[in-house]
Each structure stands twice: as C-alpha cells, then as structure tokens.
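This report refers to the structure that appears directly beneath it.
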Amino acid sequence: QVQLVESGGGLVQAGGSLRLSCAASKNAFSINDMGWYRQVPGKQRELVATITSGGSTKYADSVKGRFTISRDNAKNTVYLQMNSLKPEDTANYYCNAVVGMANREYLYWGQGTQVTVSS
C-alpha cells in the first residue's frame with residue numbers, strides 16, 4: 001500500500017500564495033511521474049501540473065506563469081507553489097504518483113486537500 005499524504009491547503013485571499021506538499025510513503029518502490037490535479041463539484045478532475053522523474057514539467061494553460069511544480073526525489077515529495085491565486089483556483093487538489101513495482105507501473109492518489117481562494 002502506497003500512501004500519498006498531502007498538506008498545505010487552506011483559505012487564502014485572491015492574489016495570495018500557498019504551497020502544497022505531497023509526500024509518498026518510503027516503501028520498496030520507485031516513483032516515476034508525479035503530478036497535481038484539481039476537482040470542483042460537478043466538474044471533471046483536471047490536470048494542473050505534472051513532473052517527470054527527470055524534471056520535465058507540464059502545466060495547464062490556466063496556471064502557467066502562476067504555479068510551479070517541483071519535486072525532491074530524496075524525500076519522495078512533490079510540491080506545488082501557487083502564486084497570484086484566483087477565486088477560480090478554488091478546488092480540491094489531489095496529488096498523484098506513478099510508481100514502479102515488480103516491473104509494473106501503478107497510479108496512486110492522495111486524499112485531496114482543499115484550496116479556497118476568496119475574492
């Protein structure tokens with residue numbers, strides 16, 4: 001069982017910043033891609049940002065220039081620095097990790113952390 005523990009969500013005013021963290025349990029597996037997704041009621045879960053094990057990143061157009069994804073492989077942790085937050089960024093944010101075990105890849109999700117941006 002792989003656990004992804006998220007932290008850093010909360011309430012912030014528009015224009016403010018938050019940093020989300022997601023730490024994977026340190027078990028006998030390798031972590032490949034990691035990412036952040038978000039979801040609001042009535043909508044599909046959408047990509048926010050992803051980062052490969054080599055550090056290549058991808059961002060949703062809506063967050064480019066404002067959010068930065070990074071990772072610390074030694075700590076099995078992925079971060080999402082969110083600046084210039086807007087009310088439309090309000091969502092439940094989920095981290096994920098693609099892990100390699102027994103020559104297979106598996107996708108795991110964190111429990112979600114709520115981000116609320118007030119106007």
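The values are calculated or read from the model by the stated rules, or taken from the named source; none is laboratory data. Note that this is a predicted model, so its numbers are computed, not measured. Note that we place each Cβ from the backbone using ideal geometry, even for glycine, and neighbour counts take in every protein chain shown. To get the accessible areas, we keep the full protein, side chains included, count just its heavy atoms, and leave off ligands, DNA and RNA. Shrake-Rupley method; radii C 1.70, N 1.55, O 1.52, S 1.80 Å.
A few remarks follow.
- Boolean, Gln44 is touching a residue at least 24 places away in the same chain (Cβ under 8 Å) and over 16 Å from Thr113 (Cα atoms): no
- The stretch 16-40, subset modelled with pLDDT of 95 or more and not in a strand (DSSP E or B), residue surrounded by the fewest Cβ atoms within 10 Å (Cβ to Cβ): Ser17
- If you go through the stretch 49-78 and keep only what is touching an Asp or Glu at 6+ places or on another chain (Cβ under 9 Å), open to solvent by less than 40 Å² (accessible area, probe 1.4 Å) and more than 16 Å from Tyr108 (Cβ to Cβ), you end up with Ala60, Val63, Arg66, Phe67.
- Flag if Ala14 is in contact with a helix residue (DSSP H, G or I) (Cβ under 7 Å, 6 or more places away or on another chain) and at negative phi: yes
- Scope the stretch 78-102; condition over 10 Å from the mean Cα position of the chain (by Cα) and not in a loop (DSSP other than H, G, I, E, B); matching residues: Met82, Pro87, Glu88, Asp89, Ala91, Asn92, Val98, Val99, Gly100, Met101
- Residue check, Val63 under 14 Å from the mean Cα position of the chain (by Cα) and part of a loop (DSSP other than H, G, I, E, B): yes
- Index of the failed condition, Leu107 passing every other in (1) open to solvent by less than 40 Å² (accessible area, probe 1.4 Å); (2) free of Cβ contacts under 8 Å to residues at least 40 places away in the same chain; (3) closer than 21 Å to Gln1 by Cβ: (1)
- Here Glu105 fulfils each of the conditions (1) part of a strand (DSSP E or B); (2) closer than 20 Å to Asn32 by Cβ; (3) touching a Ser or Thr at 6+ places or on another chain (Cβ under 9 Å); (4) not polar (S, T, N, Q) apart from (3).
- Residue list for the stretch 93-104, restricted to those being touching a residue at least 40 places away in the same chain (Cβ under 8 Å) and open to solvent by 40 Å² or more (accessible area, probe 1.4 Å): Met101
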